[in-house]
Amino acid sequence: MTNPLLADWTTPFELPPFDQIEDSHFAPAVEAALEAARANIAAICDGSEPTFENTIEALVLADRPLEKALAPFFAMAGADSNPAREGLMRDFSPMLSAYSSEVTANKALFARIEALWQARADLDLTDEQQRVLLLTRRSFVRSGAELEGYAADRLADVKQRLSVLGTRFTQNLLADERDWFMPLEDLTGLPDFVVAAARAAGEEKGAAGPVVTLSRSIIVPFLQFSPRRDLREKAYTAWVSRGANGGETDNRDIATEILSLRAERANLLGYDSFADYKLETEMAGTPDAVRDLLMQVWAPAKASAEADAQVLQAMMHNDDEQGPLEPWDWRYYSEKRRAEEHDLNEAELKPYLQLDRMIDAAFACANRLFGLEFAPIDVTLYHADCRAWEVTRDGKHIAVFIGDYFARGSKRSGAWCSAMRSQQKLAGDIRPHVINVCNFAKPPAGEAALLSYDDARTLFHEFGHALHQMLSDVTYDTISGTSVARDFVELPSQLYEHWLEVPEVLEEFATHADTGEPMPRDLLDRMLGAATYDMGFSTVEYVASALVDLAFHEGEDAPADPMQKQAEVLEEIGMPHAIRMRHATPHFAHVFAGDGYSSGYYSYMWSEVMDADAFEAFEEAGGPFDPEMAQKLETYILSAGGSEDAAVLYKKFRGSMPDATALLKGRGLAA
């Protein structure tokens, strides 16, 4: 039979034919695609006079067969893994790294790129083509194209080994998350929505009754509501011990080797540290700039958290619980305090935050801002929980949007946006296929899926990324959509979260799951009034993680013992006893599952400085749906991709770069 990954796709919108794809198809398809890609690279280096078209554009198109074979694989490997796909990922990682190194080490190819770079002033290139040429050459140089002999060979080996280790780190973390659960015999104090989610999780695990798993959408509400301190401690300890349980899934030695290899990589390329190498192409530019921002926020956040800790500890002692406030106590007493001080609790809010209604809200905001319309489509996807919509504007097809919202044992934790196909015009008017993946608790059959307010923010956040992909309007997919600086990529996602807080949006879409009644205005006001509640806690756990990430990578030599280095950093900044890092080293997937956020976890906060300022622009202009600001946002941010430097694009949108004032104000941490 024909391998569907190597055939033309006649499916609706040319989506992958998931009903025909079997795991056995991936390896031969990737091998054939690699062979085709290598032939394409060889054809570029045919000795002809280099032009932008026969070199840069040909290079952009060279990997098309490979991208086609891998797009469905990566979607399935991340969101619906199984032993076969995990094995394939272990096989593919070094193969793909070796191919990448082979391309960037191709002297004939780089000579053509360099010749075009030196002659760029005479090539009559468009602004976008000049940008693509600059980024292509820079990518080759940063990948070692100018290295010779041992240094070139060693760099290729380092990158290949890093790809293997990143895959192992991810799979170990998934194994720990998949294998642990705690049966719940005592349901005291747990709201109905927590019990329902625990029962559904128990059914998925094949347990006899409700269970707590390490899915954030289950363990966090359990920690908020269970009065059983012993069970909270047991669950919390398992949650923060992911990747550090000894045995085959322990990630500590892997983290050590990854940091060592990254330092060596930076050294081979002539940088003082991996942080210097990584940040060179970001908006921040230097480790000092990152540290300066983080420390501006750390001091007020820590002061706020320490004041909160005193209140929570007093509440705990009033319950006759002895000893200091511990990390497994914080969420429980913070939830009680929120109920007392804001007359607000998660159980009261959840019935009004239905998943389907929040999806409708995200779509409606995109319609008012950008004229987008969303129509459900009946297509076969990689899992029964997935659903899809065609996105149009004025009757014209814009994108396919896929939502995969529920947690399951085969899905890695967290939430993310990816594109199985990116927008571009080089090979025709190619429109994107965009996926949002989340890990919300799946309800029992026939019941509505209910979100926490944090879940709803996550949904809007990931949809902001999706808009960046869907509204992209460039010629080359190398600069399409989210192909931007790492500390700029979170701007559209974090900015879109603000529309969830717009009262008129909630008044329309926050409706009760049973009665259909809109959220009472009093409850809505209380919810929005508590928007910055416990912000000291959330800011401290985030900034601590970002500072540890930076410390791991800013020295000439990697830390010999990352766990010791983590402890030293936390002691130096005075980490409050009852708060832990949001992501401790053994499960810090942002940093160790790949290079994406290594030395870059700060990016969320760097982007938040801009998103707070950007939403202020809407408020100053006439409100959250001001059409002129929406058009500017689309023109200079969402449609532009990486076609210009990130700072240039932001200044075109806003006029100037902001400082941290709006961020501190938005978090309720301003003096």
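Under 6 Å by Cβ, and 6 or more places apart or on different chains, what pairs join a residue from segment 558-569 that is within 15 Å of residue 598 (Cβ to Cβ) with one that is in a loop (DSSP other than H, G, I, E, B)?
Sorted first by the residue in segment 558-569, then by its partner, the pairs are 565/559.
Scan segment 408-416 and give yes if some residue there is without any contact (Cβ under 8 Å) to a residue 40 or more places away in the chain and touching a Leu at 6+ places or on another chain (Cβ under 8 Å), otherwise no.
no
On the given criteria, is residue 273 over 17 Å from residue 590 (Cα atoms) and of a type outside the set (A, V, I, L, M)?
Here the answer is yes, as residue 273 does meet what is asked.
Identify, from the list 244, 238, the residue that is under 25 Å from the mean Cα position of the chain (by Cα), crowded, with 17+ Cβ neighbours inside 10 Å and not in a helix (DSSP H, G or I).
Within the list 244, 238, the selection yields 244.
List pairs: first residue in segment 436-464 and free of Cβ contacts under 8 Å to residues at least 40 places away in the same chain and under 13 Å from residue 216 (Cα atoms), second residue open to solvent by 30 Å² or more (accessible area, probe 1.4 Å) and part of a helix (DSSP H, G or I) anywhere in the structure, Cβ distance under 7 angstrom, at least six positions apart or on different chains.
438/458
Out of curiosity, is residue 41 in contact (Cβ under 8 Å) with a residue 40 or more places away in the chain, more than 16 Å from residue 435 (Cβ to Cβ), buried (at least 21 other Cβ atoms within 10 Å of the Cβ) and out of contact with any strand residue (DSSP E or B) (no Cβ under 9 Å at 6 or more places or on another chain)?
Judged against the criteria, residue 41 is not a match.
From 155, 184, 165, which residue is touching a residue at least 12 places away in the same chain (Cβ under 8 Å), open to solvent by less than 20 Å² (accessible area, probe 1.4 Å) and under 20 Å from the mean Cα position of the chain (by Cα)?
None of the other options fit; the residue is 165.
Counting only residues that are open to solvent by 20 Å² or more (accessible area, probe 1.4 Å) and of a type in the set (A, V, I, L, M), which one in segment 448-472 is farthest from residue 350 (Cα to Cα)?
Result: 448.
Show the residue pairs that are 6+ apart or on different chains and have beta-carbon atoms under 9 Å apart, the first residue being within segment 516-545 and open to solvent by 50 Å² or more (accessible area, probe 1.4 Å), the second being of a type in the set (Asp, Glu) and not in a strand (DSSP E or B).
518/507; 518/508; 521/507; 522/343
For the list (1) within 25 Å of residue 363 (Cα to Cα); (2) open to solvent by less than 30 Å² (accessible area, probe 1.4 Å); (3) not aromatic (Phe, Trp, Tyr), I need the number of the one condition that residue 620 fails.
(2)
Every residue, every condition in (1) open to solvent by 10 Å² or more (accessible area, probe 1.4 Å); (2) touching a strand residue (DSSP E or B) at 6+ places or on another chain (Cβ under 9 Å); (3) part of a helix (DSSP H, G or I), yes or no:
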| residue | (1), (2), (3) |
| --- | --- |
| 262 | no, no, yes |
| 270 | yes, no, no |
| 278 | yes, no, yes |
| 295 | yes, no, yes |
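With the structure loaded, tell me whether residue 614 is open to solvent by less than 50 Å² (accessible area, probe 1.4 Å), within 18 Å of residue 372 (Cα to Cα) and touching a helix residue (DSSP H, G or I) at 6+ places or on another chain (Cβ under 9 Å) or whether it fails that test.
So residue 614 fails the test.
Across segment 545-589, what is the total count of residues that are among the charged types (D, E, K, R) and touching a His at 6+ places or on another chain (Cβ under 9 Å)?
Going through segment 545-589 one residue at a time, the tally reaches 1.
Say whether the condition of being open to solvent by 40 Å² or more (accessible area, probe 1.4 Å) and either outside any helix (DSSP H, G or I) or touching a Lys or Arg at 6+ places or on another chain (Cβ under 7 Å) (or both) is met by at least one residue in segment 60-76.
Within segment 60-76 (the criterion being open to solvent by 40 Å² or more (accessible area, probe 1.4 Å) and either outside any helix (DSSP H, G or I) or touching a Lys or Arg at 6+ places or on another chain (Cβ under 7 Å) (or both)), the answer is yes, since at least one residue qualifies.
Considering every residue within segment 635-648, establish whether at least one is polar (S, T, N, Q), part of a loop (DSSP other than H, G, I, E, B) and surrounded by 22 or more Cβ atoms within 10 Å (Cβ to Cβ).
Yes.
Can you tell me which residue in segment 430-447 is most open to solvent (accessible area, probe 1.4 Å), limited to those that are modelled with pLDDT of 95 or more and outside any strand (DSSP E or B)?
For segment 430-447, the residue satisfying everything is 431.
The values are calculated or read from the model by the stated rules, or taken from the named source; none is laboratory data. All values derive from a computational prediction rather than experimental measurement. Don't worry about glycine lacking a Cβ; one is built from the backbone with ideal geometry, like all the others, and counts go over all protein chains shown. All accessible areas refer to the heavy atoms of the entire protein, side chains included, with ligands and DNA or RNA removed. Shrake-Rupley method; radii C 1.70, N 1.55, O 1.52, S 1.80 Å.
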